[in-house]
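Read through the structure below, which is laid out as structure tokens, and then see the notes.
Computed from the coordinates by the stated procedures, all read-outs in this text should not be read as laboratory data. Computed from a predicted model, the values in this text were never measured in an experiment. Glycine gets a Cβ as well: all are built from the backbone with ideal geometry, and neighbour counts include every protein chain shown.
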Amino acid sequence: TDLKDFVEGMPKAELHVHLEGCLTPQLAAKLAARNKMSLPETVTKASTAEGFAFHDLTSFLAVYYPAMEVLQTANDFHDLAMDYLVKAHRHNVKHCELFFDPQAHTSRGIPFPIVVMGYRSALLQAQRAFGISASLIMCFLRDMSAEFAMATLMDALPYKDSIIGVGLDSDERDNPPSKFAAVFQRASKEGFFLTMHCDIDQKNSIEHIRQAIEEIQVDRIDHGTNIVEDTRLVDIVKTKGIGLTCCPISNSIVTRDFKGKEILELLRNDVKVTVNSDDPAYFRGYANENVLKVATDTDVERQELVQLQRNAFNISWISAWRRNHFL
Ligand code: ADE
Ligand code: ZN
């Protein structure tokens, strides 16, 4: 078969997608009209027919947060999640674990239960309609305080049926994993799986990866491809089975390097690396486009493309999803 057909036909799992990063210009315009609001000018300016456009992380975050203003009701959160899930189903995604940023909503007055109930109803509807399994990973915004993160963790305790893990995202500079050690320790005690963004090419990237592994004891790392520079840490993730959720198209925009070489090196060294879409509405690539980027821009073999998806199912927290939904 043709490579594109092969990639599109593969059953996939996605473990690194931000629901707020699935807000397309079209959906933002629709929700703004429904809520009788006008879109912030920064959002309108960055909109194109194909999606939003930018060149780096700062210009991305400068549109990402203001665009969320259009999310007001549980129905809005439902529609946002459903927009992604319909596309994921078309891309043959069978299982997904979706990040969301509750503090980006509670900090502007939207109650936590509105956010989670809206997302949860979409996940359940998609499960019934397409048989896709989907659950939520709650991210703390690392540029906000550890106290706010802890309060948000408390808000999440009644929703363990849909929230299976916690993560850490937003601006990494001067916000190391250790800042949130107590929050993650409590989250683990409450039964949540742990992951964290260790963004590529950060100044203290290797030290942040070390903290995530040794001090926080994460189950996964989001991005984290800089680990190739440190053989000791590579050995630890192999021994512990810690997986990396990599995002090629996002990398190509945020750092102008999609890190295909590093992803392939780690894959061939038996590290459980995976390919994901991060913020697909913003970086303009869903599951198939991200896998195709690796397929066409590296010398990866088809067997290895299959291995990337095996890795994703293996490091997924699907057993927790089954526990929550069927037992
Ligand atoms: N939140 C959503 N997408 C993100 C990204 N690519 N980097 C940091 N924080 C994010
Ligand atoms: Zn991310």
Legend entry - Gained length - ASP171 relative to GLU207, 0.36 nm times residue gap less alpha-carbon distance: 11.4 nm
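To make sure I understand, if each residue's beta carbon is the centre and we count other beta carbons within 10 Å, what order do GLU172, GLU14 fall in, fewest to most?
Details: GLU172 22, GLU14 27.
Result, fewest neighbours first: GLU172, GLU14.
How long are the three semi-axes of the equivalent ellipsoid of region 32-140, in whole Å, if each is the root of 5 times an eigenvalue of the C-alpha gyration tensor, listed from largest down?
Working: eigenvalues 113, 62, 38 Å².
Semi-axis lengths for region 32-140 are 24, 18, 14 Å.
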Inset, instruction - Provide the per-residue ³J(HN,Hα) series for region 9-23, in order, calculated from phi with Karplus coefficients 6.51, -1.76, 1.60 and θ = phi - 60°, each as a whole number of Hz, with x at glycine and proline positions. - result: x, 5, x, 10, 10, 10, 10, 9, 9, 8, 4, 5, x, 9, 7
Inset, instruction - With r as the distance between the Cβ atoms of SER145 and THR48 and R0 = 30 Å, compute the FRET efficiency 1/(1 + (r/R0)^6) and round to 0.05. - result: 0.25
Legend entry - Environment charge at ALA13 (Cβ cut-off 13 Å; Lys +1, Arg +1, Asp -1, Glu -1): +3
Legend entry - Fluctuation leader among MET68, MET138, MET37 - the chain, Gaussian network, Cα springs under 10 angstrom: MET37
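Round to the nearest 0.05 the FRET efficiency obtained for HIS89 and ASN314 when R0 = 25 Å and r is the Cβ-Cβ distance. Could the numbers behind the result be given before it?
Values: r = 22 Å, r/R0 = 0.87.
That gives a FRET efficiency of 0.70.
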Inset, instruction - Mind jotting down the distance between the C-alpha centroids of region 252-267 and region 34-102, whole Å? - result: 24 Å
Legend entry - Most mobile of ALA156, ALA28, ALA129 in a GNM of the chain (Cα contacts under 10 Å): ALA129
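With charges only on Cβ, +1 for K and R and -1 for D and E, what is the dipole size of the chain about its Cα centre, in debye, rounded to 20?
Details: 35 positive and 44 negative charges, 196 e Å.
Value, rounded to 20: 940 debye.
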Inset, instruction - Determine the sum of side-chain charges near MET150: Lys and Arg each +1, Asp and Glu each -1, restricted to other residues whose C-beta is under 15 angstrom from that of MET150. - result: +1
Inset, instruction - Mind sorting SER38, SER205 by how few other Cβ atoms lie within 10 Å of their own Cβ, fewest first? - result: SER38, SER205
Legend entry - Whole-number percent relative contact order across region 3-316, with pairs defined as alpha carbons under 8 Å at least 6 apart: 21 percent
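Under the √(5λ) rule applied to the eigenvalues of the Cα gyration tensor, what semi-axes describe the equivalent ellipsoid of the chain? Give them in Å, descending. Don't jump to the answer; show the numbers that get you there.
Values: eigenvalues 145, 109, 82 Å².
Working through the eigenvalues yields semi-axes of 27, 23, 20 Å.
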Inset, instruction - For ASP5 paired with ASN75, estimate the spin-label separation in nm (one decimal), with each label point 7 Å from Cα along the Cα-to-Cβ line. - result: 4.3 nm
